[in-house]
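**Q** Encoded as structure tokens, here's the structure I'll be asking about.
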Amino acid sequence: NNIWITSKKGVYKISRHFIYSRHYNPGFFGNEPIEAMCSDLDGGVWCTNGDKIYLLYNNEIYSLDIHLNPFSGTQVIGLNNNRIIFGNNSGRFLLTGISKDPLSKKIKYLHKFNLPPLATIAIDNTCRKFSANSLLLPPPGGTCSLLTFSLEKPITEINRISRTCDYFMWGLFYNTTNNLIINEEKNYILTNNKKLPYQVLAPLNGKPILIHTILSSTTDLYSSDNDSIYLTNNNNLYNLTSAFIYPIDQRIRRIIYDRKILFLSTWNNVYICDNPLQLLDNKPVHLQLLDLNFRNIYDIIIQNDSLYIVTDEGLTMISEAVIRNIKPYVPIPYLQSIMVNDAEVDLSKEEITLTGNNKISFRFGSINYSASPVIYSYKIEGLEHDWTTGKANSVVYQNISMGNYIFKVRVRKASTDWSKPIEFKVTIHAHFWQHPLFFVFLSLLFTGLIALIIIRRKNIQIKRRELDHQLITLEQKALQSMMNPHFIFNSLGSIQTYLLEKKSGEAGLYLSQFARLIRQNLNAINAASINLEEEIDRLKNYLDLEKLRMENKFDYNIEVDENVEEADVQIPSMIIQPFVENAIWHGIAALEDKGQINIKFQMQDEKSMTVIIEDNGIGIKRSEAYSTKQEKHLHLGMEMTRKRLELLGKKFSIKTAIEFFETYPGTANPGTRVVLVMPVGI
């Protein structure tokens, strides 16, 4: 039911109601926009563009040329008895005896009276007087003057009542009781020529009141500079704006009241509020936006049952009957797009199915056959109980839990009901790890892992105990090998020989060293490790005994690397002696010449040490031909040592080793070199 026009600039709508209105373009007014207008008591409409005065009467336009200096604040005020006040802040005139010439379409007047420069004018309810403040701004160090003029006397006899004001005066209004309200930094009421604080408007102190109108014999309307509209009734103040369902976005420029209907205009739109006095009874107050748009509305009035609107495009007249028939259509919502994890969804399917974590973005719009703003309301049924309402046309949901949902969106205008909501189904499936059975499985798995860890730890403890037991057994056997009967028998035989040869000194020295060695060996069984310094001392004691017994058949040398701290390093006990003993019995004993044994200690890394035992004996191959029971005992001791080193390596996570080489390969007496790698610091 509208007229639609397409052009390169877009699509335009012409409201079907335009045929019921009458429009006068700027050409009727000298191609200048009308800035102000007012009602004429005879049924016409006064208009002015700041240069001329026009009267629209019975669809005819009459003009009056009165030129003013350009200045803001152009105003025309219709009075009784064929009088008007016209002008701006630089000067105003009172015209009396006004008449219309039907032939020339001119306005004539009898008298023109100059008024002093006035900033604001308030006409009393009887049109018998008006008040104004004399200056727009007070002079430096001065004050404003409040003037009251009588319209009942000849202009030459106008009485002037001078009144000083403490602040710059923003506005003047006559209220329902015909008392003058002065809007300054504070609000005052003028009673019996006395300025008293007006307590009813005290909440509006500090705010300019831009608009005032009377709604009933007991109710005033005020509009402050923050676009809030208030009603005063029986010394009570009511906020009408807060009663509106939807706020007005633009600044309110004009407010008029006619037969229980409040008309409000912004720069582009006109709003209608039916019976705002219902606010006094705590009843809903409805605000409706006319489905008409204008460009720069300067003023509106009601006259002859019609609404007059002046804009940049001229003057438009719309009957109140037509206005009441302008019913806004309910907007139609629709989904513009749906994004799931930043990927667009096909809207034609009308549902989506997701698994696991999600990010869903809904963007929606509306088909709205007017320029009035719309309000959206949305929710996900099954997730939200209440609707979310506002101007936003998009929403994002993240990580919705599994379930079946319905996204709903509806739309309305300030003057309509809600539209029927549109729906879009959303189904969220859980990942397998979000399923309840997964938690059961996870609990069982966790319990099983704990059980395995406990069993493994117990097995490790058992193996460690077995390992410690094997080490203790081998340590005992190693002690037994070091204290074998042959060594003890030979040592005692040497002592006996010294005694028979009456070498008591040598016998005593030998016996002392032998006893010390026995004590050292017995102490070794009490500890798994021994200080390197003590081990070297025990080796020296053992080598000295063997050297005495064999009548200095060999020499020995013990070398410790310079980066080894003998007093701080701990090595396994009873490890080195079997190899030294093997060097003496296997290598040195069968030599015809004097033998040499060298022992060297050096660190391999911070957890292990290398011990090298060298001799210049007959070598490994030739020693096998001299195998005896004693030598088999020595082989058994070295085998136990090998096992001990292997077990120690497992216990302390160190790679141990025993390697045999020839000291002097290719010679008659190649000798033997044994390289041991053992843990340290244990």
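The values are calculated or read from the model by the stated rules, or taken from the named source; none is laboratory data. Bear in mind the structure is a predicted one, so any value in this text is a computation, not a measurement. FYI the Cβ positions are ideal-geometry reconstructions off the backbone, even for glycines, and counts take in every protein chain you see. Remember, those area values only see protein heavy atoms, side chains included, never the ligands or the DNA or RNA. Shrake-Rupley method; radii C 1.70, N 1.55, O 1.52, S 1.80 Å.
**Q** What are the residues in the range 1-22 that are among the hydroxyl-bearing types (Ser, Thr, Tyr), open to solvent by less than 90 Å² (accessible area, probe 1.4 Å) and either in a loop (DSSP other than H, G, I, E, B) or in contact (Cβ under 8 Å) with a residue 12 or more places away in the chain (or both), if any?
**A** Ser15, Ser21
**Q** Here's something else I'd like to know. Under 8 Å between Cβ atoms, which residue pairs at least 6 apart in sequence (or on different chains) link something in the range 558-580 that is over 14 Å from Glu533 (Cα atoms) and of a type in the set (Phe, Trp, Tyr) with a partner that is at pLDDT 85 or above and not in a loop (DSSP other than H, G, I, E, B)?
**A** Every condition considered, the pairs that remain are Phe579/Ile613; Phe579/Val674; Phe579/Leu676.
**Q** How many residues are assigned to a strand (DSSP E or B) and under 42 Å from the mean Cα position of the chain (by Cα) when one looks only at the range 274-293? Break it down into steps so the answer makes sense when it comes.
**A** Residues of the range 274-293 assigned to a strand (DSSP E or B): 274, 287-289.
Retained after the next criterion (residues that are under 42 Å from the mean Cα position of the chain (by Cα)): 287-289.
Adding up the residues that qualify gives 3.
**Q** Does Asn25 count as modelled with pLDDT of 90 or more, of a type in the set (S, T, N, Q) and exposed (fewer than 13 other Cβ atoms within 10 Å of the Cβ)?
**A** So Asn25 fits the description; yes.
**Q** Something else now. Which of (1) touching a residue at least 60 places away in the same chain (Cβ under 8 Å); (2) among the aromatic types (Phe, Trp, Tyr); (3) open to solvent by 50 Å² or more (accessible area, probe 1.4 Å) does Phe244 not meet, given it meets every other one?
**A** (3)
**Q** Moving on. Within the range 29-49, which residues are open to solvent by 70 Å² or more (accessible area, probe 1.4 Å), more than 18 Å from Arg295 (Cα to Cα) and of a type outside the set (D, E, K, R)?
**A** Correct list: Leu41 only.
**Q** Would you mention how many residues in the range 583-617 are more than 28 Å from Lys650 (Cα to Cα) and among the aromatic types (Phe, Trp, Tyr)?
**A** 1
**Q** Can we say Asp299 is closer than 28 Å to Ser21 by Cβ, touching a strand residue (DSSP E or B) at 6+ places or on another chain (Cβ under 8 Å) and modelled with pLDDT of 85 or more?
**A** The answer is yes for Asp299.
**Q** While we're on this one: Please go through the range 353-372 and pick out each residue that is out of contact with any strand residue (DSSP E or B) (no Cβ under 6 Å at 6 or more places or on another chain) and either in a helix (DSSP H, G or I) or open to solvent by less than 80 Å² (accessible area, probe 1.4 Å) (or both).
**A** Within the range 353-372, Gly356, Asn358, Ser370, Ala371 meet the criteria.
**Q** Also, quick follow-up: Filter the range 391-401 down to the residues that are at pLDDT below 90, of a type outside the set (Lys, Arg) and closer than 26 Å to Pro247 by Cβ and list them by number.
**A** Within the range 391-401, no residue meets the criteria.
**Q** Would you call Thr388 without any contact (Cβ under 8 Å) to a residue 12 or more places away in the chain, open to solvent by 50 Å² or more (accessible area, probe 1.4 Å), in contact with a strand residue (DSSP E or B) (Cβ under 8 Å, 6 or more places away or on another chain) and β-branched (Val, Ile, Thr)? I'd like the intermediate steps shown before the answer.
**A** Numbers: without any contact (Cβ under 8 Å) to a residue 12 or more places away in the chain: yes; open to solvent by 50 Å² or more (accessible area, probe 1.4 Å): yes; in contact with a strand residue (DSSP E or B) (Cβ under 8 Å, 6 or more places away or on another chain): yes; β-branched (Val, Ile, Thr): yes.
It is true that Thr388 is without any contact (Cβ under 8 Å) to a residue 12 or more places away in the chain, open to solvent by 50 Å² or more (accessible area, probe 1.4 Å), in contact with a strand residue (DSSP E or B) (Cβ under 8 Å, 6 or more places away or on another chain) and β-branched (Val, Ile, Thr).
**Q** Continuing with this model, one more query. Looking at Thr176, Thr120, Thr143 in this structure, which one is β-branched (Val, Ile, Thr) and at pLDDT 85 or above?
**A** Answer to the selection: Thr176.
**Q** When Asp537 is evaluated against the numbered criteria (1) modelled with pLDDT of 75 or more; (2) farther than 30 Å from Lys651 by Cβ; (3) open to solvent by 30 Å² or more (accessible area, probe 1.4 Å), which criterion, by number, is the only one it fails?
**A** Against the list (1) modelled with pLDDT of 75 or more; (2) farther than 30 Å from Lys651 by Cβ; (3) open to solvent by 30 Å² or more (accessible area, probe 1.4 Å), Asp537 comes up short only on (2).
**Q** In the range 192-230, how many are in a helix (DSSP H, G or I) and either charged (D, E, K, R) or open to solvent by 70 Å² or more (accessible area, probe 1.4 Å) (or both)?
**A** So in the range 192-230, the residues in a helix (DSSP H, G or I) come out as 199-204.
Filter again for either charged (D, E, K, R) or open to solvent by 70 Å² or more (accessible area, probe 1.4 Å) (or both), leaving 199, 203.
Total meeting the criteria: 2.
**Q** Follow-up question, since we're still on this one. Scan the helices (runs of 4 or more DSSP H) fully inside the range 571-673 and keep the ones with 1 or more residues being at pLDDT 85 or above and open to solvent by less than 70 Å² (accessible area, probe 1.4 Å).
**A** 577-582
**Q** If you check Asp258, Asp342, which single one turns out to be open to solvent by 50 Å² or more (accessible area, probe 1.4 Å) and either within 22 Å of Thr219 (Cα to Cα) or touching a strand residue (DSSP E or B) at 6+ places or on another chain (Cβ under 8 Å) (or both)?
**A** Result: Asp342 is the single residue among Asp258, Asp342 that is open to solvent by 50 Å² or more (accessible area, probe 1.4 Å) and either within 22 Å of Thr219 (Cα to Cα) or touching a strand residue (DSSP E or B) at 6+ places or on another chain (Cβ under 8 Å) (or both).
**Q** Still on this structure: Taking the range 318-339 on its own, how many of its residues are open to solvent by less than 30 Å² (accessible area, probe 1.4 Å) and assigned to a strand (DSSP E or B)?
**A** The number of residues fulfilling the criteria is 4.
**Q** Ok, one more. If the requirement is being open to solvent by 20 Å² or more (accessible area, probe 1.4 Å) and not basic (Lys, Arg), which of these qualifies: Ile84, Ile123?
**A** Ile123
**Q** Just to be sure before I move on: is Ala414 within 30 Å of Val285 (Cα to Cα) and touching a Leu at 6+ places or on another chain (Cβ under 7 Å) in the structure I sent?
**A** The answer is yes for Ala414.
**Q** Tell me yes or no: at least one residue of the range 458-472 is modelled with pLDDT of 75 or more and either surrounded by fewer than 12 Cβ atoms within 10 Å (Cβ to Cβ) or closer than 22 Å to Met640 by Cα (or both).
**A** Let us first name the residues in the range 458-472 that are modelled with pLDDT of 75 or more, namely 458-459.
With the extra rule that they be either surrounded by fewer than 12 Cβ atoms within 10 Å (Cβ to Cβ) or closer than 22 Å to Met640 by Cα (or both), the set shrinks to 458-459.
Yes, the range 458-472 has at least one match.
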